[in-house]
Structures are given as structure tokens and as C-alpha cells.
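Peer 1: Quick one: structure below, then a few questions.
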Amino acid sequence: MKTSGLLTNRFARQFTAVLSGYVGSAIIRAVALVLLARLALPDDFGFFSSVAAAIVIAQAMTDLGLAKLILREHSARVDHALVSAALRTNSCLSALLALLLIIMLLGAGLTADSRFLYLLPLAVAAAAEKNADTFLSIALANQQASVNTTNIIVRRTLSLLVFVSATSLGLDPLFAFSAGEMLAALVSAVLARRYASSRVQPATSVPFRLVFRAGLPFWLNSMAVQARNFDVLMTSAVSGTTQAGFYASATRLTGPLQLVASAAATVLLPFATRSTARLRMVHASLVFLAVTSIAYVSLALLVPYVVPLVLGDAYVPSILVIQIVLIGLPFASLTALLTSALQGWGLARMAAVVAIGFTIVCLAGVFSGASLNGAIGASIGLTIAYVLQAIAIVLLALRHTSTAPTTESDR
């Protein structure tokens, strides 16, 4: 009982640290983007947003699941060679990402739109940030989440300061923002690598195919989640841009509410790797579902009063859409928690299969719902997919609560 209390307190401390990092980073980032939007022309800000979204997809595609793999394997402390090889592979992939993005931005800037040249620093920033976040997995595995929080907050703050300073000197806002992102990401990467290098000793080389195979389930799960971002595009295609706008106001503006679940899922993975109290984790996740359900239903009741005040009367038709999405979010949060638990238990491949399957269900539901009843139908399809995936992941987790722990993902 005493050990259980210590684990709960330790989890609470790590969760608080990670959540504070997420929230603090999001706030600083929001301030920077608001300043960029005010300093740049609307067309320039839209241009930047499109390029930034494409870069995020490129980061996800070149991740290969290595951050989660490193977090899981270093938490298990059984295969230092795999962790060391994964870190080296991540550095190579980061360099490749930077090179490809530089070539693409340079080519587009010289042949299509000169504004691409102002965003060249983002190529280095994207690679350095990905490299830093992967190396910071070592800190999470060591249950030193404060290291991650400090690194991320320093990164966002430095980026904002450089951006403000550069624009005050008269530099183009797009270039100033990109330069700030690059310098901050490079500092972040240096600090993260310095932390990890003293805690992960170089080991015998592991072939790339083994690293790729070990990280593949984590990567597939991540890509499946990323693929769900096509929901707005699908809604727009079948029911028009106005309905897509109402649907997007629900799915995108409620995104920050999922920071709590994301923080809890991030912290849970290393705990799940080391703990044998699997059934207790499932029960705790169900309690989390109940608590978040109460919170989100309460928010749903306030939506009719908040939407006209914050978004304006033009968005009144989105009220029911937002309420439906809020009802589904607790189930999405439950899925995120138990997916991390399954990954920690060495069942990452099974979790990936569930994620891929229900991404297809999700997009099909959104498409069908939007075809029948616009944004409301799309939100119903999304919420049904969230509920069904949560049920499937709970049943899968319960099935493996008595299974002996494994020492490597899906060995």
C-alpha cells in the first residue's frame, strides 16, 4: 500500500511537470503567433501557416516512432544498445529532414514564391526540434519530467525573444519568426543531447532494420492519429466550406483540452513499462474517463453562452457541433491513456492495429455524417468512432492485464 502511494505521488509530480510544460509552451507559442499575425499581412500569415503545417507532417513522417521507442526501452532498462542505436538513427534522420526541407524551400523560393526563402530557417528548426524532443525522451524515462519542461519553456521563450528583437530591428516578420525558431531549437537540441549523453553510454551498433522494426508500431500509431487531420478536408469536400468551418471550430478549438490527456499518456508509458499493476492502470483510466466526462459535459452546457461571446453570432450554428465533440473527447482521452499503457506493456503492435483500424472508421464516419447532415453529422461520426475505439482499447487492455511483462516492444 505504501509503495502504491509513492508511485501515485511520483506519477502526480511527473504529470504536473509535463502538463505545465505543455500549457506554458502553448501559451508562449500562441503569443508568438498572435504577434506574427499582427505584424504580417493576412496573406503572409496564411502562407506561413500552410508551410508550417506541411513541416509538422514531415516531422511525423521522419520520426519512425523513435521517441516512443526510446522512452519505452530506456524505461525498461534492458537494451542499452537499442536505445543508443535509436538515438543515432534519430540524429541521422534529423539531418536528412533538414537537408530535404532546405532543398524544397530553396527550390520553391527560387522558382515559385520568394517568401519560401524567408522560411528557410524553419528547415533547421524542424530538424533540431525533432532531435531535441527525441533525446528528451531519456529524461522522461528517468522520471525527470522537469528537464523536459525547462527545455521546452526555454525553447519557446528564446524563440519569442529573438522574434521580437529581430522585428524591432526592421527584419521581415516571416524571416524574424523563422530565425527565432531556428536559434531556439538549436539551443534546445544542444541541451537535450548534453543531458542524454551522460546517461546513455555508446553501445554496440544495432542494424537499422532492427531499429526500424522496433519503432514501426509506435510510428504507425502516430501516423494513424495524424491521418485523422484529414477530417476537415473531407467535410469541406462533401458539404462545403461553411460546414467545414463549423466542424473545424469544434475539432480545432477544443484541441487544447486534450493537453491533459496527452500529458497523462506521456507520463504513463514509462510507469506502465516498469509496473506490474496493469489492472489498476485500467481502473485508474476508467476513473479518468468519469472525471473528464463530468468536466466536458459541464463545458458543453456552457457552449451556448460562450460561442456567441467569443466567436460571434456567425458561429451560432456550430454550438451543437462543439457540444457533440465535447461528449466524445473523454473517450479519446481514455484511448490515449490505454494506448500508452499497451505500449509500455510491450503491446505496441496491437495498439497500432487498433489505431489504424479506427482511423479508417473515424474518417468513414466523418465522411458519411457530413454527407448526410453537414458539420453535425461529421461530429456525430467522429464521436461514435471515439466511443468505439475506447471500448476496443479497454477490452484489449483487460485481456492483457494478467500477461507477464515483456522486455521489448512486441518481442
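The values are calculated or read from the model by the stated rules, or taken from the named source; none is laboratory data. These numbers come from a predicted model, not from an experiment. As a convention, Cβ positions derive from the backbone with ideal geometry for all residues, glycine included, and neighbour counts pool all protein chains shown. Quick note on the areas: whole protein, heavy atoms, side chains included, nothing else; ligands and nucleic acids left out. Shrake-Rupley method; radii C 1.70, N 1.55, O 1.52, S 1.80 Å.
Peer 1: Which of the numbered conditions does residue 210 fail, given that it passes all the others? Conditions: (1) in contact with an Asp or Glu (Cβ under 9 Å, 6 or more places away or on another chain); (2) in contact (Cβ under 8 Å) with a residue 60 or more places away in the chain.
Peer 2: (1)
Peer 1: Is it the case that some residue within the range 248-260 is among the β-branched types (Val, Ile, Thr), closer than 17 Å to residue 330 by Cβ and in a helix (DSSP H, G or I)?
Peer 2: Yes - at least one qualifying residue is present in the range 248-260.
Peer 1: Taking only the range 164-203 into account, find how many residues are open to solvent by 50 Å² or more (accessible area, probe 1.4 Å), farther than 30 Å from residue 89 by Cβ and of a type in the set (A, V, I, L, M).
Peer 2: Total satisfying the criteria: 3.
Peer 1: Another question, if that's okay. Within the range 150-181, how many residues turn out to be of a type outside the set (Val, Ile, Thr), in a helix (DSSP H, G or I) and more than 26 Å from the chain's Cα centre (by Cα)?
Peer 2: Matching residues across the range 150-181 total 4.
Peer 1: Also, quick follow-up: Out of 105, 33, report the one residue that is in contact with a Phe, Trp or Tyr (Cβ under 9 Å, 6 or more places away or on another chain) and open to solvent by 30 Å² or more (accessible area, probe 1.4 Å).
Peer 2: One residue alone meets the criteria, 33.
Peer 1: A further question follows. Got at least one residue in the range 190-212 being farther than 19 Å from residue 74 by Cβ, of a type in the set (Ser, Thr, Tyr) and either in a loop (DSSP other than H, G, I, E, B) or out of contact with any Lys or Arg (no Cβ under 9 Å at 6 or more places or on another chain) (or both)?
Peer 2: The answer is no, given that none of the residues of the range 190-212 is farther than 19 Å from residue 74 by Cβ, of a type in the set (Ser, Thr, Tyr) and either in a loop (DSSP other than H, G, I, E, B) or out of contact with any Lys or Arg (no Cβ under 9 Å at 6 or more places or on another chain) (or both).
Peer 1: Here are some residues: 304, 330. Which one is over 20 Å from the mean Cα position of the chain (by Cα) and not hydroxyl-bearing (Ser, Thr, Tyr)?
Peer 2: It is 304.
Peer 1: Looking only at residues that are in a helix (DSSP H, G or I) and over 17 Å from the mean Cα position of the chain (by Cα) in the range 337-347, which one is farthest from residue 266 (Cα to Cα)?
Peer 2: 342
Peer 1: May I ask you to list the residues in the range 272-287 that are closer than 26 Å to residue 69 by Cβ and either open to solvent by 50 Å² or more (accessible area, probe 1.4 Å) or in contact with a helix residue (DSSP H, G or I) (Cβ under 6 Å, 6 or more places away or on another chain) (or both)?
Peer 2: 272, 273, 274, 276, 279, 280, 281, 282, 284, 285
Peer 1: Is one or more of the residues making up the range 328-336 aliphatic (A, V, I, L, M), in a helix (DSSP H, G or I) and without any contact (Cβ under 8 Å) to a residue 60 or more places away in the chain?
Peer 2: No, the range 328-336 has no match at all.
Peer 1: Would you confirm whether any residue within the range 135-142 is in a loop (DSSP other than H, G, I, E, B) and crowded, with 19+ Cβ neighbours inside 10 Å?
Peer 2: yes
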